[in-house]
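Trainee: This is the structure, below, for whatever I ask next.
The values are calculated or read from the model by the stated rules, or taken from the named source; none is laboratory data. Predicted model only: the values in this text are computed from it and were never measured. Glycine gets a Cβ as well: all are built from the backbone with ideal geometry, and neighbour counts include every protein chain shown. To get the accessible areas, we keep the full protein, side chains included, count just its heavy atoms, and leave off ligands, DNA and RNA. Shrake-Rupley method; radii C 1.70, N 1.55, O 1.52, S 1.80 Å.
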Amino acid sequence: VQLQASGGGSVQAGGSLRLSCAASESIFSLNSMTWYRQAPGKERELVASISYGDETNYAQSVEGRFTVSKDTAKNTLVLQMNSLKPEDTAVYYCNAEHIFGEEYWGQGTQVTVSS
């Protein structure tokens, strides 16, 4: 499975961005899809995930501001990010776990939030 992330950019604090991660095959073959991020000098951290059954999980730092969803018609994972803060600045990566256990990563997309 190939994952193509897009939608990053630069915004001011309080703004919004929408990240997309397009999968090369049906997302019904994926057990879960997850957004991670990595800020300079920090370890990669989980941001939000969504399971095959649409159960969602969020990092405490983004709860209430970010929304993860799937567009099954377009085989795409979406992350709607609102009320962005400078500390959300990072490279965002999409990840997918296949039902047969393989794990896939997309390339990163840069999100920069200025104060």
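Trainee: Under a straight-distance cross-link criterion of Cα-Cα below 23 Å, which lysines are reachable from LYS85, leaving out those fewer than 8 residues away in the same chain?
Mentor: LYS42
Trainee: Ignoring ligands, DNA and RNA, what percent of the accessible area of the range 1-61 is carbon or sulfur (1.4 Å)?
Mentor: On the way: 1460 of 3440 Å².
The C+S portion of the solvent-accessible surface of the range 1-61 is 42 percent.
Trainee: Now for a separate question. Between the DSSP loop rule and a limit of at most 11 other Cβ atoms within 10 Å, which chymotrypsin sites (Phe, Trp or Tyr not before Pro) in the range 50-102 are left?
Mentor: PHE100
Trainee: In a shell of Cβ-Cβ distance under 10 Å around VAL78, excluding VAL78 itself, what net charge do Lys and Arg (+1) and Asp and Glu (-1) give?
Mentor: Every neighbour counted, the sum reads +2.
Trainee: Using a Gaussian network model of the chain with C-alpha springs under 10 Å, which one of GLY14, GLY101, GLY41 is most mobile by mean-square fluctuation?
Mentor: Taking springs between Cα atoms under 10 Å, the residue moving most is GLY41.
Trainee: Could you do me a favour and compute the accessible area per residue for the chain, 1.4 Å probe, result in Å²? Spell out each step's value before the answer.
Mentor: Details: 6030 Å² over 115 residues.
Ligands and nucleic acids excluded, the result is 52 Å² per residue.
Trainee: Which one, SER51, SER24, SER32, has the greatest fluctuation when you compute a Gaussian network model over the chain with C-alpha springs under 10 angstrom?
Mentor: With Cα springs under 10 Å in the chain, the top fluctuation among SER51, SER24, SER32 is at SER24.
Trainee: Can you classify the range 49-93 as rounded, prolate or oblate using the Cα gyration tensor, where a ≥ b ≥ c are the square roots of its eigenvalues, rounded means a/c under 1.5, and otherwise it's prolate if a/b beats b/c and oblate if not?
Mentor: Values: a/c = 2.35, a/b = 1.70, b/c = 1.38.
Taking the square roots of the gyration eigenvalues as a ≥ b ≥ c, the range 49-93 is prolate.
Trainee: Could I ask something else about it? Most fluctuating residue of LEU30, LEU19, LEU77 in a GNM of the chain with Cα springs under 10 Å: which is it?
Mentor: Result: LEU30 has the largest fluctuation of those listed.
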